[in-house]
1. Which pairs have Cβ atoms under 7 Å, sit 6 or more apart or on different chains, and link a residue in segment 127-143 that is surrounded by 14 or more Cβ atoms within 10 Å (Cβ to Cβ) to one that is assigned to a loop (DSSP other than H, G, I, E, B)?
2. Tell me which helices (runs of 4 or more DSSP H) are completely within segment 1-69 and hold 1 or more residues being under 30 Å from residue 109 (Cα atoms), or say none if there are none.
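No value in this document is a laboratory result; all are computed from the given coordinates. Keep in mind that what you see is a predicted model, and the values were worked out from it rather than measured. When we count neighbours, we look across all protein chains shown, and the Cβ atoms used for this are built from the backbone with ideal geometry, even at glycine.
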Amino acid sequence: MDEISTLLERHIPALRRYAWALVRDREAADDLVQDCLERAVARWALRRREGDLRAWLFAILHNLFVDSFRRRRREGLRVELDHAADIALPGSDQESSTGVRDILAALDRLPDDQRAVILLVGVEELSYGAAARVLGVPIGTVMSRLSRGRERLRRLVEPAAPPVLRRVK
């Protein structure tokens, strides 16, 4: 059991980041990571030894999130208070904080499939193949979702170019 704990422990920070990015709530993210770790330990014998442990853990976490999302949709919408003020943002100046908030808001506006790929590849630095295994889609789908997601994120974050005015006589 100590061997399993040692192997899992180093992946917890990355799992917590991804879980928070998915649910935007610290307590819910911690619960999601806890459920992921419990499932990983319970099914440790089913894991492929030659497989990527990190990708396996992300797949478990992602599947738990999707299951939870589907269950909540069936049960109806719950409205909770926004805990955004409790989130510590990197950078101390106002411009940096505003930029981070703009990016997070833009990420929230992306479709779930594009956001998941951007988080896995861009933030957690998973390879396209590992992200494809986590999401259960072909590698080409990961690549197209990443491309479309990056482009959409760029459009949401970058200000529109001001219109060019011409003088008419």
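1. Note: pairs meeting the criteria are 130/52; 132/138; 134/126.
2. Those helices (runs of 4 or more DSSP H) span 12-23, 26-42.
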